[in-house]
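Since every read-out is calculated from the coordinates, none of them should be taken as a lab result. All of these numbers come straight from a predicted model, not from anything done at the bench. A quick note on method: Cβ atoms are made from the backbone with ideal geometry, for glycine too, and the neighbour counts reach across all protein chains shown.
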Ligand SMILES: C[S@@+](CC[C@H](N)C(=O)[O-])C[C@H]1O[C@@H](n2cnc3c(N)ncnc32)[C@H](O)[C@@H]1O
C-alpha cells in the first residue's frame, strides 16, 4: 500500500516538474523574443502577469462558454480554427468593457471564413461589424486549395447575422483610403497580413479610427513565420506602441495583445 502511494506521488511530482519546465521554457523563449523585438516595458510586465498569474484563472472562468462556441462552430463550414483558443481572453475583455450590452461599432481586418467575426456578432448582440479582407489569403496561405472556398464559407457562416455585417473586399490599405474620416470604432481586431510593414500600417491607420476607451486587439503577437524577427507582427506592434506611448494602456498579452486607447494623437501644442 505504502509503495503504491509513494509511486503515485512520485508520478505526480514528475508530471508537475515536466509541466513546470515546459511552461518555464515557453515563458523564457517568449520573453527573449519580446526583448529582441523591443517590447515596451508595460507589455513585458503584462505578459509576466498574464502568463504567470492570470492565465489559468481566465481559462477556467470561461471554459464552459468556450465549449459552447466550439459546438456552435461545428455547425458552420470552418476548415481552420485559429481563433477559439483566444475566446477566454476575449470574454474577459468583453466583460471588463461590458461590450455584450453596448451598441458597439467593430472593425475586423482579416476575416478568412469568419470564425472571429461570428464570435463577435454572437457575443455582442447589439454590435455592427465591418469585415475587411481580400479573401485571397496571406503569404502563408499561398497555394492552399481552401483559398477557392474561403469567401463562400465566410458568407455561409455569417448568413444568420448578415443584417449587422458590412463586408469590404479589398486590402486593408484600400479600406482605410475609402473609410470616412469620422468613422470611429469601439473595437478593432487586426488579423490581416502578418508581414510587419502591413501590420504597422494597419495599426497606425486603425488607431486613428479607434474611439477613446476603444479596444484594439492584434492577433499572432508571438507568431514567427518570416525568417527575420523584424518581419513578423511582434516587431511592428512594439514599434507602433512605442510611437503611441502615453496614448494607450495594455489590457492583456497572451498569444494576442489587447490595448485600450486612452489619449488622442495630433494634439497641437499652443505657443504662448
Ligand atoms: C489569419 S486569417 C484571419 C482569420 C480570422 N480572423 C479568424 O480568426 O478566423 C488572415 C486573413 O487576412 C486576409 N488578408 C491578408 N492580407 C490582407 C490585406 N492586405 N488586406 C486585407 N486582408 C488581408 C487573408 O485573406 C486572410 O483571410
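Which three extents, in angstrom, do the Cα atoms of segment 150-272 have along their principal axes, listed largest first?
58, 38, 26
Return the FRET efficiency for the residue pair residue 147, residue 2: r is the Cβ-Cβ distance, R0 is 45 Å, and the value is rounded to the nearest 0.05.
Details: r = 62 Å, r/R0 = 1.37.
Rounded to the nearest 0.05, the efficiency is 0.15.
So how do 69, 173 line up by other beta-carbon neighbours within 10 Å, fewest first? Provide the component values of the computation, followed by the final result.
On the way: 69 20, 173 13.
In order of increasing Cβ crowding within 10 Å: 173, 69.
First measure r as the distance between the Cβ atoms of residue 155 and residue 227, then evaluate 1/(1 + (r/R0)^6) with R0 = 30 Å and state the FRET efficiency to the nearest 0.05.
Numbers: r = 36 Å, r/R0 = 1.18.
That pair, residue 155 with residue 227, gives E of 0.25.
Determine which residues of segment 72-95 fall in the zone a paramagnetic label at residue 26 would reach in this model, i.e. backbone nitrogen under 19 Å from the point 7 Å along Cα→Cβ.
Correct set: 81-92.
Mind pulling the angle between the C-alpha long axis of helix 87-97 and the longest principal axis of the chain? Nearest 10 degrees, somewhere in 0 to 90.
60
How high is the relative contact order of the chain, given as a whole-number percent (alpha carbon pairs under 8 Å, six or more residues apart)?
Working: 377 pairs, mean separation 49.4, N = 272.
In percent, rounded to a whole number, it is 18.
Is the C-alpha gyration tensor of segment 202-263 telling us rounded, prolate or oblate? Criteria: a/c under 1.5 is rounded; beyond that, a/b larger than b/c is prolate, otherwise oblate. Please list the in-between numbers first.
Numbers: a/c = 2.22, a/b = 1.78, b/c = 1.25.
Taking the square roots of the gyration eigenvalues as a ≥ b ≥ c, segment 202-263 is prolate.
Strictly greater than 31 Å: what percent of every Cα pair in segment 39-261 meets that?
Details: 3649 of 24753 pairs.
Roughly 15 percent, rounded to a whole number.
Which of the three applies to segment 1-97, rounded, prolate or oblate, going by the alpha-carbon gyration tensor with a ≥ b ≥ c and a/c under 1.5 meaning rounded? Don't skip to the end; give the middle numbers.
On the way: a/c = 2.15, a/b = 1.22, b/c = 1.76.
It is oblate, given that a/c is not under 1.5 and a/b is not larger than b/c.
Rg over Rh of segment 59-160, using C-alpha atoms and the Kirkwood radius, what does it come to? Walk me through the intermediate numbers first.
Working: Rg = 14.0 Å, Rh = 14.4 Å.
Rounded to two decimals, Rg/Rh equals 0.97.
Separation between the residue 64 and residue 178 pseudo-spin-labels, each 7 Å from Cα along Cα→Cβ, expressed in nm?
Roughly 4.5 nm, to one decimal.
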